[in-house]
1. Only residues of segment 292-316 count here: report those whose backbone N is under 17 Å from the spot 7 Å along Cα→Cβ of Lys357, or say none.
2. With the contact rule set at Cα under 8 Å and sequence spacing of 6 or more, what percent relative contact order holds for segment 248-385?
3. Among bridges DSSP assigns within the chain, what percent are antiparallel (round to 5)?
4. Using a cut-off of 14 Å between alpha-carbon atoms, which aspartates and glutamates can reach Lys133, once sequence neighbours fewer than 8 places away in the same chain are excluded?
5. Could you state the accessible area per residue of segment 46-380 in Å², with a 1.4 Å probe and every protein chain left in place?
6. At 7 Å along the Cα-to-beta-carbon direction for both Lys158 and Thr106, put a label point, then send me their distance in nm to one decimal.
7. Which lysines does Lys205 reach when only Cα atoms under 27 Å apart count, and residues fewer than 8 places away in its own chain are ignored?
8. Testing the spin-label approximation: label points 7 Å from Cα along Cα→Cβ at Leu180 and Ser120. State their distance in nm.
Amino acid sequence: MELSICRRIKWRARTSELPIMAADKQQWQVPALVQELSATVQEPPGRYVQPEQHRPAAAAAPPASFPIVDLGRLSSPSPDDDGGGGGDEAAKLRRALDSWGLFQVTNHGIEASLMDELMSASKEFFRQPLQVKREFSNLNDGEQFRAEGYGNDKVRSKDQILDWSDRIYLKVEPEDERNLALWPKHPSSFRDALHEFTVRCRRVKRDVLRAMARIAGLDDDEHFIDQLGGRATVHARFNCYPPCPRPDLVMGIKPHSDGTVITVLLVARGADGLQVLRDGVWYSVPSSSSTHALLINVGESMEVMSNGMFRSPVHRVVTSAENERISLAMFYAVDPERVIEPAAGLVDEKRPTLYKKMKARDFLVGLSKHFSRGTRFVDTLKISP
């Protein structure tokens, strides 16, 4: 019986007049791709229009002094260092974690040519005809949503306000869990560039997490790395924010905080739009310049693991009427079978346990539901005094 049902589903998907929308799917569950809307509409459809109180206000001013850390120096502790490694760089990182929860890193060891190649390949993918991109759709057999692939994020309710963006979301680690059928074949450089960037980012992740362990005062520099587990997952999310005729009405991505341990972000040069919330005020995050800096963002998993010492910042992306924005986020998450909990070395009588522990697999489920609502899942794990 299950086999015959599967065959009927596949037949409906193939014969439907709507290539992406299955016959038994309601329209609100499978919205149009934003790149297609951007090319045809004069006003964003109502499903993308934010309530007036949530719309982007006047352009946020860039912060006067945004944290930039030299990762090469940070990962080379000096004898007279006061904790964190890298002397002055450790102090910069500490201030960044205390005040922003995100920071740029330079001297990270990834060649500028590789970063440019990957950004170029991602732009080329998004500019291909729709029928080509649909080969990598995140709708299995035209109707069953899956996280990986090209398309939109999951729509959980009819009244959900949608983001003005498309994406392709791919698991890159563990390597033996890659679904290469969903990795674009064109441009031909895409797969190799993504693989090489993934490999090079391992050092960035390692050096940042070691420095954060030292800053937290943990005895073991490897603590946060070890907590990721042997089957820790890494997902690459390529975001495309097309121009919008009314950028004052929509969000490229709604306010949220990442559920990761850390996120490594690569943004095409000059592609502004990322904003971070601090003390109730939205600040623009400068896009990386000719320095080819990476942006590191603390995730909600790290907020729990650090027992609240490192807070995951709320951020959003606003759109432009003229310019497309392309970015790549590398999400570093705990092995789904492990437990996310505060480090024992960060719990004592003066600072009791502030968050409930939870299996990483269940943590991810909660994150997904809260992301669609624009709320922080980690706040539901806080233990009342």
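The values are calculated or read from the model by the stated rules, or taken from the named source; none is laboratory data. What you see is a predicted model; the values in this text were computed from it and never measured. When we count neighbours, we look across all protein chains shown, and the Cβ atoms used for this are built from the backbone with ideal geometry, even at glycine. Only protein heavy atoms, including side chains, enter the accessible area calculation; ligands, DNA and RNA are left aside. Shrake-Rupley method; radii C 1.70, N 1.55, O 1.52, S 1.80 Å.
1. Under cut-off, by backbone N: 301-308.
2. 29 percent
3. Numbers: 47 of 51 bridges.
That works out to approximately 90 percent antiparallel.
4. By straight Cα distance, Lys133 reaches Glu36, Glu124, Glu148, Asp166.
5. Values: 14150 Å² over 335 residues.
Heavy-atom accessible area per residue stands at 42 Å².
6. 5.4 nm
7. Cα-Cα hits under 27 Å: Lys92, Lys123, Lys171, Lys254, Lys356, Lys357, Lys359, Lys369, Lys382.
8. Label-label distance for Leu180 and Ser120, simple model: 2.4 nm.
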